[in-house]
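Down below is the structure, laid out as structure tokens.
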Amino acid sequence: KKTFTGFMLFLHANLFLGMPGSLLVAAVGLCLMVSLVSGAVVYAPFMRRLAFATLRAGRGRRVFHVDLHNLVGIATLVWCLVVTVTGTVLALGTPIVKIYQVTDLVRMTAPFRDRPPPQRMVSLDEAQVAALNAWPGHRVNIAVFPGTALSGAHHYAFFMGRESGITSRVFKIAMVAAETGALTVASEAPWYIKLL
């Protein structure tokens with residue numbers, strides 16, 4: 001926040017409101033998506049009667065402005081949709097990770113809650129072998145060390161996807177005990193993470 005760019009980033013991402021601001025930005029993004037799609041649906045039958053980019057200047061200011069609005073709207077539709085969809089996904093990322101932390105991660109690490117922190121840990125490579133064995137045909141997209149908000153104190157967390165295709169972005173989770181290198185959880189990602 002100390003630089004102009006940092007100031008603008010926080011303003012753009014969450015309006016300086018933290019989580020509520022992220023949710024507000026996501027809601028506005030969803031409304032904009034609906035507006036863009038509905039505008040394209042309304043535009044399609046209207047333009048069957050006119051050539052693309054027709055501006056009827058001789059029919060009055062209102063008709064000219066409608067034509068100009070339609071032209072600019074349809075010419076920028078794809079770009080606006082891409083920016084809106086990616087912005088909404090980014091805005092929803094933080095709340096969804098928080099939901100994962102307080103629900104699924106708590107459930108997966110519950111048996112280890114009262115144990116002391118591990119005295120020694122297996123290497124990341126050893127833990128990764130256990131994760132890859134749990135999900136054959138997958139690769140590690142994200143590896144998280146023990147003691148972080150996404151893994152808990154006693155586990156390596158691996159978020160894995162298939163080698164290629166759209167399913168390479170649909171995570172499966174492998175939780176590997178940091179002290180022993182044994183797989184403790186292998187599960188599909190929660191539906192809300194898959195949706196994101």
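The values are calculated or read from the model by the stated rules, or taken from the named source; none is laboratory data. Keep in mind it's a predicted model, so treat the numbers as computed, not measured. Cβ placement follows ideal geometry from the backbone for every residue including glycine, while neighbour counts extend to all protein chains displayed. For the accessible areas, the whole protein counts, side chains as well, though only heavy atoms, and no ligand, DNA or RNA atoms are used. Shrake-Rupley method; radii C 1.70, N 1.55, O 1.52, S 1.80 Å.
If Lys and Arg each add +1 and Asp and Glu each add -1, what is the summed charge of the other residues whose beta carbon sits under 15 Å from the beta carbon of Val42? Combined, the nearby Lys, Arg, Asp and Glu give +1. Between Asn141 and Trp79, full extension at 0.36 nm per residue minus the direct alpha carbon distance yields a gain of 19.5 nm.
If you scale each eigenvalue of the Cα gyration tensor by 5 and take the root, what three semi-axes come out for the chain, rounded to whole angstrom and sorted largest first?
48, 20, 13
Average accessible surface for the chain: 63 Å² per residue, computed with a 1.4 Å probe over protein heavy atoms with every protein chain in place.
On the basis of the beta-carbon distance and an R0 of 45 Å, Leu90 and Arg48 show a calculated FRET efficiency of 0.80. Extension gain for Leu30-Arg107 works out to 24.7 nm (0.36 nm per residue, less the C-alpha to C-alpha distance). Taking packing as the residue-averaged number of other Cβ atoms within 10 angstrom, the listed peptides 36-45, 50-59 run from highest to lowest as 36-45, 50-59. A helix-only calculation puts the chain at -17000 deg cm²/dmol for mean residue ellipticity at 222 nm, using -39500 (n - 2.57) for each DSSP H run of at least four residues, averaged over all residues. Inter-label distance, Asp114 to Arg169: 4.4 nm, where each label sits 7 Å from its Cα along the C-beta direction. For the pair Thr184 and Phe16 in one chain, pulling the backbone fully straight at 0.36 nm per residue adds 56.6 nm over the alpha carbon distance.
Within straight-line reach of Lys98, meaning a Cα separation under 20 Å, sit the following aspartates and glutamates at least 8 residues removed in sequence or on another chain: Glu188.
In this simple spin-label approximation, Thr148 and Ala40 carry label points 7 Å from Cα along the Cα→Cβ vector, and these lie 3.6 nm apart. Distance from the Cα centroid of segment 168-189 to that of segment 34-104 is 40 Å (rounded to whole angstrom). In terms of the Cα gyration tensor, with a ≥ b ≥ c the square roots of its eigenvalues, is segment 82-196 rounded because a/c is under 1.5, prolate because a/b exceeds b/c, or oblate? Oblate, because a/c is 1.5 or more while a/b does not exceed b/c.
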